[in-house]
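Reviewing the structure listed below.
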Amino acid sequence: MLSRIAESLFWIGRYVERADDTARLLDVHLQIILEDPWASEDLACRSLLTVMDRPTPATGLVGRETVLDLLAYDRFAPTSIAGSLTSARENARRAREILSTDLWESLNATWNGLPGQMRPVRAHDYFTWVRERAAMVNGLVDSVTARDDTWRFLVLGRSIERADMTARLLTTRALAGAAGPGWTTLLRSCGAYESFLRVHRATVSEERAAGYLLLDRQFPRSVVFALNTAEAMLLELDPVLDFSRVDEARREIGLVRSSLEYRPLLDIVDHLPEEMERVQRACSAASDAIRGRYFPADLTTHWIGEAL
């Protein structure tokens, strides 16, 4: 597969997942601000922008409108919902010759429908639409794409982004403390509440909920599930085991995954922000290693990739 095509597929997976997860995170964040009159909106919004690696204004109050402008509606920032969907469609256009018609039309229809969905009366309606469109795209990836390298690069990008964004979601909960979203709200935002109850059949507690979103090997949005999937895709892309040449991306992902899986859960929960930062750094390092190996810089120019 051509380097430019592989890179396009990788970023389609990442950008669609980023739009989905950012919508989930913002929905929870705004719900808490509306429901808690004692919460400091400025502090909460600045913390969220910091978690999302967006610069915060040095002066003045930062409110929900600022957050929505930067993380939901900015079509020129690849870290925002609108920017992610725009970049996903642009990468799909560049890889049009190998994408299925259904997948291309879904991405293109999402991009065409974006202007009419932005800035509704209720931001929740926008987030719901984004989540539904992302679910449709991901459903088509899994239902009409042959299990070849096309599918592997799409799923690889999606898995790395999902691990990173779930880590950010958990970070916002840890940093906000009692003023942040409850664990039930967090589980619902990930679509995990019902499956969590089937597993634990008990009251939602910090240890159980954090453990489920971090370590459950059967829930697709858990950090460990996403990291395991990314490892599996990398192994299928390079099935020859050469111990003299370890895949750097697999090394980064494997180290952080094993650190989460084989340590006491309470130790991780007690240091959740630091542990989730490690996950984010590992995902970033793995992405850089994938770029260096499969998408050589001298072969791809003027690309819609990650903002530097």
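The values are calculated or read from the model by the stated rules, or taken from the named source; none is laboratory data. What you see is a predicted model, and the numbers here were worked out from it, not measured in a lab. Cβ placement follows ideal geometry from the backbone for every residue including glycine, while neighbour counts extend to all protein chains displayed. The protein model used for the area step is the full one, side chains on, heavy atoms only, and it has no ligands, DNA or RNA in it. Shrake-Rupley method; radii C 1.70, N 1.55, O 1.52, S 1.80 Å.
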### Summary
P120 meets each of (1) modelled with pLDDT under 95; (2) open to solvent by less than 40 Å² (accessible area, probe 1.4 Å); (3) not hydrophobic (A, V, I, L, M, F, W, C) with one exception, condition (2)
### Task
Output the number of residues of segment 46-104 satisfying the condition of being open to solvent by 50 Å² or more (accessible area, probe 1.4 Å), among the charged types (D, E, K, R) and modelled with pLDDT of 90 or more.
7
### Task
Determine which member of the set R158, R119, R147 is in contact with an Asp or Glu (Cβ under 6 Å, 6 or more places away or on another chain) and either within 30 Å of E65 (Cβ to Cβ) or of a type outside the set (S, T, Y) (or both).
R158
### Task
Tell me which residues, restricted to segment 143-167, are surrounded by fewer than 20 Cβ atoms within 10 Å (Cβ to Cβ) and of a type in the set (K, R).
R147
#### Entry: Unique match (being within 19 Å of E161 (Cβ to Cβ) and out of contact with any Phe, Trp or Tyr (no Cβ under 7 Å at 6 or more places or on another chain)) among I98, I33, I12
I12
### Query
Here are some conditions: (1) part of a helix (DSSP H, G or I); (2) at pLDDT 90 or above; (3) open to solvent by 50 Å² or more (accessible area, probe 1.4 Å). R217 meets all but one. Which one does it not meet?
(1)
### Message
Cβ contacts < 7 Å: first residue among the β-branched types (V, I, T), restricted to segment 16-33; second residue part of a helix (DSSP H, G or I) and modelled with pLDDT under 90, any location; separation 6+ or different chain. Result?
### Response
V28/T185; V28/L186; V28/S189; I33/E41; I33/A44; I33/R64
### Task
For T66, state whether it is of a type in the set (S, T, Y), assigned to a helix (DSSP H, G or I), over 18 Å from the mean Cα position of the chain (by Cα) and more than 15 Å from T172 (Cβ to Cβ).
yes
#### Entry: Selection from segment 58-106 of residues that are touching a Leu at 6+ places or on another chain (Cβ under 9 Å) and over 24 Å from L154 (Cα atoms)
V62, R64, T66, V67, L68, L70
### Query
For segment 187-208, what are the residues that are crowded, with 18+ Cβ neighbours inside 10 Å and in contact with a Lys or Arg (Cβ under 9 Å, 6 or more places away or on another chain)?
S189, C190, A192, F196
### Query
In segment 187-214, how many residues are polar (S, T, N, Q) and not in a loop (DSSP other than H, G, I, E, B)?
2
### Message
Need pairs with beta-carbon distance below 7 Å; first residue farther than 14 Å from L156 by Cα and within segment 247-265, second open to solvent by less than 40 Å² (accessible area, probe 1.4 Å) and outside any helix (DSSP H, G or I); sequence gap 6+ or separate chains.
### Response
D247/D238
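Would you list the helices (runs of 4 or more DSSP H) that sit entirely within segment 233-308 and hold 3 or more residues that are modelled with pLDDT of 95 or more and either in contact with a Phe, Trp or Tyr (Cβ under 9 Å, 6 or more places away or on another chain) or surrounded by 18 or more Cβ atoms within 10 Å (Cβ to Cβ) (or both)?
Once the helices (runs of 4 or more DSSP H) in segment 233-308 are filtered for at least 3 residues that are modelled with pLDDT of 95 or more and either in contact with a Phe, Trp or Tyr (Cβ under 9 Å, 6 or more places away or on another chain) or surrounded by 18 or more Cβ atoms within 10 Å (Cβ to Cβ) (or both), what remains is 248-261, 272-294.
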